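The values are calculated or read from the model by the stated rules, or taken from the named source; none is laboratory data. Because the structure is a prediction, the values reported are computed rather than measured. Heads up, the Cβs are rebuilt from the backbone with ideal geometry, glycines too, and the neighbour counts pull from every protein chain shown. Each accessible area value is taken on the protein alone, full model and side chains, heavy atoms only, with ligands, DNA and RNA left out. Shrake-Rupley method; radii C 1.70, N 1.55, O 1.52, S 1.80 Å.
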Amino acid sequence: MFRVGRKIARSIHKAVTNEDSVDVSEVDGVRSLHLGSDTIQSSMRVKDPYALELRYSRGMMVFLLFQKQPRDLVVLGLGGGSIPKYVYHHLPEVKTRVVEINPRIIEVARSHFLTPENDERFEIIEGDAVAFLRDHPNTTSMLMMDAFGSSGLPAELCSQDFFDSCFEALTLDGMCAINLWGSDKNYDAYLQRIETSFHGRMLVMPTGRPGNVVVFGFKRAPNDLRWSTLRVRAKALETEHKVEFLEFVERLREHNPSTSNRLLLES
């Protein structure tokens, strides 16, 4: 059994790896992935499996405010596959690659969370994220990192060298979205490293209080960061996606340098 908020969820799957157990629970029609603890790593509403159940995962999709025609996506860390699965079903023009080091997580994502099999526009790569980035510089327009384990972020995925590799992996107009936990004792250090790697071209967006913070890094600043443009774009995106883009625009405004007219970002 797992405690999810104030409710007790029933366990429906358990697999043991060399380090952590990979567990699946379910309560009130929502299925969740756990890695060695009650902490939810990923969730799926069983009757709406391709929606983004968790607010932070919807927050990661804010990259669409800045990339109107994304071509490809690399995701570091699979979990239950919520975001890659969403992109596969709702953005068919995007080619997605997911790098996941734990084969048990890959198995569970496919057996219990409807994560697609590999095809011409979707691929799960069993491997190490650090090595993948090192071997693929300047190759992706959109990079996401969502790689929490039972003890938080692995040390090798939050070093200065790693965030430098994230920057180098991007094409000229590329950007990344990194999921952090705001109460992590090293949160400020991680932010400083990301800011250094991306030469100040960084935005932060808390998605809960307290909770997940999505950090966006840009290879170069987008051309148009006016609030009027972002709101028009957010409103249009809300007609296509069940994501609260307009609310997230206000989150960006609250937590980043700006004027009354625009977001401020290093050029």
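Only one of 92, 154 is of a type outside the set (Ser, Thr, Tyr) and over 24 Å from residue 194 (Cβ atoms); which? Answer to the selection: 92. Set side by side, the residues 206, 210 differ, and just one is at pLDDT below 95 and not acidic (Asp, Glu), which is 210. Just checking, does segment 169-182 include any residue being part of a loop (DSSP other than H, G, I, E, B), farther than 19 Å from residue 264 by Cα and open to solvent by 20 Å² or more (accessible area, probe 1.4 Å)? There is at least one residue in segment 169-182 that is part of a loop (DSSP other than H, G, I, E, B), farther than 19 Å from residue 264 by Cα and open to solvent by 20 Å² or more (accessible area, probe 1.4 Å).
Here's the yes/no breakdown for (1) under 15 Å from residue 241 (Cβ atoms); (2) at pLDDT 95 or above:
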{"residue": "38", "(1), (2)": "no, no"}
{"residue": "47", "(1), (2)": "no, yes"}
{"residue": "53", "(1), (2)": "yes, yes"}
{"residue": "78", "(1), (2)": "no, yes"}
{"residue": "83", "(1), (2)": "yes, yes"}
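The selection criterion, being under 20 Å from the mean Cα position of the chain (by Cα), over 19 Å from residue 154 (Cβ atoms), β-branched (Val, Ile, Thr) and part of a strand (DSSP E or B), holds for residue 204.
Residues in segment 53-104 that are in contact (Cβ under 8 Å) with a residue 24 or more places away in the chain, touching a strand residue (DSSP E or B) at 6+ places or on another chain (Cβ under 7 Å), assigned to a helix (DSSP H, G or I) and under 30 Å from residue 228 (Cβ atoms): 56, 59, 60, 62, 63, 83.
So which residues in segment 42-52 are assigned to a strand (DSSP E or B) and open to solvent by less than 30 Å² (accessible area, probe 1.4 Å)? Passing the criteria: 42, 43, 44. Considered as a group, the residues in segment 223-243 that are open to solvent by less than 30 Å² (accessible area, probe 1.4 Å) and of a type outside the set (Phe, Trp, Tyr) include one that is nearest to residue 145 (Cα to Cα), and that residue is 243. Of all residues in segment 217-232, those that are farther than 13 Å from residue 175 by Cα have Cβ atoms under 8 Å from Cβ atoms of residues that are in a strand (DSSP E or B) and modelled with pLDDT of 95 or more, 6 or more apart or on another chain, in 225/262; 225/263; 226/262; 227/258; 227/262; 227/263; 230/263. Among the residues of segment 198-220, those that are surrounded by fewer than 17 Cβ atoms within 10 Å (Cβ to Cβ) and at negative phi comprise 208, 209, 210, 220. For residue 137, are the conditions met, namely being open to solvent by 10 Å² or more (accessible area, probe 1.4 Å), in a loop (DSSP other than H, G, I, E, B), under 24 Å from residue 68 (Cα atoms) and free of Cβ contacts under 8 Å to residues at least 40 places away in the same chain? The answer is yes for residue 137.
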